[in-house]
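Participant: The structure is given below, and queries will be raised subsequently.
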Amino acid sequence: MKILLKSATIIDEASKHHLKKRDVLIENGTISKIAAKIPTSEKVKEVSLKNLHISQGWFDSSVSFGEPGFEERENVENGLKTAAYSGFTSVAVNANSFPVTDSKGHIKFLKSKGEGNAVSLYPIGALTTGSKGVNLAELYDMQNEGAVAFYDYKNPISNANLLKIALQYTQNFDGLVQSFPFDKSVAKNGVVNEEENSTKLGLKGIPALSEELQVIRDLYLLEYTGGKLHIPTISTKKSVELIRAAKKKGLNVSCSVSIFNITLTDDVLEEFDTNFKLLPPLRTNEDTKALIKGLKDGTIDAITSDHNPIDIEHKKVEFDHAYFGSIGLESCFGAINSVLGVEDSVKKLTGLKDEFKITSEAIEECNTASITLFNPDDNWVFSEENILSTSKNAALLGQKLKGKAYGIYSNNQLILNK
C-alpha cells in the first residue's frame with residue numbers, strides 16, 4: 001500500500017527536514033520519498049489534513065489496560081485502538097492485571113494480544129512475584145520473552161535490600177528496574193497531597209516527604225550498585241532537584257511525570273471529585289512549575305498519560321474509598337502541548353525509547369515509517385464524547401486543551417480518527 005502525506009510539517013530533530021513542510025511518500029511501510037511536492041497517482045492513498053504535522057511515533061511508558069482479569073475496565077484490543085487514535089505508535093503496558101504479569105507466560109500472553117496491531121505493545125513485567133514486594137519475579141526469563149522493564153505498578157519496594165539485589169542482578173542482561181517513589185510508612189492512609197487544601201477539606205494527606213525519601217534512598221542504592229533505574233511519575237519540586245543532581249553525578253537514572261501533575265494542582269479538590277484522586281497526588285503550584293522546568297531542562301525524560309482505567313463501581317464512591325487513577329491517552333497530547341508547545345511536547349512523547357529498547361528511526365528516505373499525525377493548533381475542550389476508553393474516569397474532563405492527534409502510521413497500517 002502506498003500512502004502520500006501531503007504538506008506535512010515535520011517535527012523531528014533527527015531529520016534534515018525538521019520544521020519543513022514536505023510531502024512524504026510511504027511504500028510498504030518504508031519512507032520512499034520526501035520532497036516539497038510529490039505528484040499523486042491513482043495507486044496512492046492521499047492523506048491531506050488541516051495543518052498536518054508529523055513526528056516520529058509517540059511512546060507512552062506507563063499504560064494500564066486491565067486485561068487479563070479486569071476486562072470490564074479496558075481490554076487490550078480497545079486500549080490499543082484508543083492509543084492509536086491518540087497518536088501513540090507504541091505503549092509499555094504495566095503489570096496492573098489479575099493475575100499480575102510476573103512470568104514469561106504472562107509476557108507471552110500480552111504480546112500475543114498485541115500481535116498484528118498498528119500500535120506496538122511492550123509488556124512490563126512485575127519486579128516481584130505478584131507485585132507483593134517479597135521475592136524477585138522471573139526477570140531474566142521475562143526479558144527473554146519480551147519484557148522491556150520491571151515494575152510493581154504503584155507498589156513501592158519497601159525492602160531496600162530487595163531493590164539493591166534487583167539492580168545488581170539485572171546488570172547481567174541490561175534490564176531496566178523501575179521503583180515507584182512512595183514511602184507508605186510516611187503516607188499511611190493518605191488520599192491527597194498533604195498541604196493547606198487537605199487540611200481545609202478534612203482529607204488525609206500524602207506528604208511530599210513520602211516521595212522524596214524514597215527517591216533519595218533509591219538514588220543512593222543506584223550509586224552503590226550501578227545498573228539502570230527508572231523512577232516513574234515524580235510529582236514534587238524536591239524530586240526534580242534530587243534527580244537533576246544524580247544525573248550530574250553520572251548515575252544511569254531516568255524519570256517521567258504524568259500529564260496530571262503538570263496540568264492540575266490540588267486546588268481542584270474542593271468538589272471532592274474522585275476523578276482527581278490520583279497517585280501520585282496532585283501537588284501545589286510550586287511543584288507544577290518545578291516539574292515543567294525539569295521537563296524543559298532535560299531532568300525529566302518523558303511525559304506519560306499514566307492511563308489507568310477504573311470501573312465506575314470503584315470511582316463513584318466516597319472520596320476516601322475510591323480507587324486511585326485516571327484515563328489519560330485521549331487527552332495526553334492536548335494537555336502537554338498546552339503547557340510545553342509542539343517541539344518540546346514531541347521530544348517528551350518520544351523520550352525513553354532508548355531506555356525501553358524501542359527502535360525508532362528518523363523521518364528520512366529509506367527508513368521505516370513509524371509516524372504520528374497531528375494538528376498542534378487545534379483548540380478544544382475534553383468532554384465525555386472524546387473518551388474512547390471503556391472506563392470514563394477522566395481527571396481532565398472539561399479542561400481546555402491545545403492540539404489533537406489525527407492518528408498514526410505504523411506497522412504498515414494507517415489509522416486515522418473518524
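The values are calculated or read from the model by the stated rules, or taken from the named source; none is laboratory data. These numbers come from a predicted model, not from an experiment. Cβ sites come from the backbone with ideal geometry, for glycine too, and all protein chains shown count toward neighbours. Side chains are part of the model used for accessible areas, which takes the heavy atoms of the whole protein and leaves out ligands, DNA and RNA. Shrake-Rupley method; radii C 1.70, N 1.55, O 1.52, S 1.80 Å.
Participant: Looking at segment 317-379, which GluC sites (Glu not before Pro) are DSSP coil and have at most 12 other C-beta atoms within 10 Å of their C-beta?
Facilitator: The qualifying sites are 318.
Participant: Could you tell me the distance between the Cα centroids of segment 381-418 and segment 68-131, to the nearest Å?
Facilitator: 19
Participant: Which pairs in the list 21/111; 184/315; 104/353; 249/315; 81/200; 132/238 are over 32 Å apart, alpha-carbon to alpha-carbon?
Facilitator: 21/111; 249/315; 81/200
Participant: Run through the DSSP bridge list for segment 1-138 and note the antiparallel percent, rounded to the nearest 5.
Facilitator: The antiparallel fraction comes to roughly 45 percent.
Participant: So, one more: Report, in debye and to the nearest 20, how large the dipole of segment 169-242 comes out about its Cα centre when Lys and Arg carry +1 and Asp and Glu carry -1 on their Cβ.
Facilitator: 220
Participant: Tell me, what ³J(HN,Hα) does each residue in segment 339-348 have, in order and in whole Hz, if you take phi through Karplus 6.51 cos²θ - 1.76 cosθ + 1.60 with θ = phi - 60° and put x for Gly and Pro?
Facilitator: Those phi angles translate into 9, 9, x, 5, 5, 5, 4, 4, 4, 7 Hz.
Participant: What's the extension gain from residue 40 to residue 320 if we count 0.36 nm per residue and subtract their Cα-Cα distance?
Facilitator: Here the answer is 94.9 nm.
Participant: Given 0.36 nm per residue, what is the gain on full extension from residue 112 to residue 20 after removing their alpha carbon distance, in nm?
Facilitator: So the extension gain works out to 29.3 nm.
Participant: Return the carbon/sulfur percentage of the accessible area of segment 1-123, one whole number, probe 1.4 Å, all protein chains in place.
Facilitator: The computed percentage sits at 48.
Participant: Still on this structure, please answer the following. In Å², what does the accessible area per residue of segment 1-54 work out to with a 1.4 Å probe?
Facilitator: I get 55 Å² per residue for this part.
Participant: Along the charge dipole of segment 131-256, pointing to its positive end and built from +1/-1 on Cβ of Lys, Arg, Asp and Glu, which listed residue (256, 246, 147) has its Cα farthest out?
Facilitator: Farthest along the dipole direction, towards plus: 246.
Participant: How much accessible surface area, in Å² rounded to 10, belongs to the heavy atoms of residue 406 with a 1.4 Å probe?
Facilitator: Result for residue 406: roughly 50 Å² accessible.
Participant: Quick one: what does P(r) look like for segment 313-414 with 10 Å bins over all Cα pairs, in whole %?
Facilitator: 13, 35, 33, 16, 3, 0
Participant: Provide the per-residue ³J(HN,Hα) series for segment 196-206, in order, calculated from phi with Karplus coefficients 6.51, -1.76, 1.60 and θ = phi - 60°, each as a whole number of Hz, with x at glycine and proline positions.
Facilitator: Here the 3J(HN,Hα) series is 4, 5, 5, 5, 4, 8, x, 10, 5, x, 10 Hz.
Participant: Short version: ³J(HN,Hα) in whole Hz for each residue of segment 80-97, in order, from phi by Karplus 6.51 cos²θ - 1.76 cosθ + 1.60 (θ = phi - 60°), x for Gly and Pro, what are they?
Facilitator: 5, 5, 4, 4, 4, 5, 8, x, 9, 8, 8, 9, 9, 9, 5, 7, 10, 8
Participant: Using just the Cα positions, wrap segment 120-164 in a convex hull and report its mean projected area in square nanometres, one decimal place.
Facilitator: Approximately 3.3 nm², given one-decimal rounding.
Participant: Heavy atoms only, 1.4 Å probe, whole protein assembly: order 319, 98 by accessible area, highest first.
Facilitator: Sorted descending by solvent-accessible area, the residues read 98, 319.
Participant: Moving to a separate point now. Could you pull out every residue, at least 5 positions away or on a different chain, whose amide H is within less than 5 Å of the one on residue 206? Hs are placed 1.01 Å off N in the peptide plane, and Pro or chain starts have none.
Facilitator: When sequence neighbours closer than 5 places are left aside, the close amide H contacts are 191, 192, 193, 194.
Participant: Please report, as a whole percent, how much of the solvent-accessible surface of segment 142-239 comes from carbon and sulfur atoms (probe radius 1.4 Å).
Facilitator: Percent of accessible area from carbon and sulfur atoms in segment 142-239: 47.
Participant: Okay, moving on. At a 1.4 Å probe, what is the % contribution of carbon and sulfur to the accessible area of segment 305-403?
Facilitator: Ligands and nucleic acids excluded, carbon and sulfur reach 46 percent.
Participant: For residue 135 and residue 223, calculate 0.36 nm times their separation in residues minus their Cα-Cα distance, and state this gained length in nm to one decimal.
Facilitator: 29.4 nm
Participant: In square angstrom, what is the accessible area per residue of segment 272-418 with a 1.4 angstrom probe?
Facilitator: In whole numbers, segment 272-418 has 41 Å² accessible per residue.
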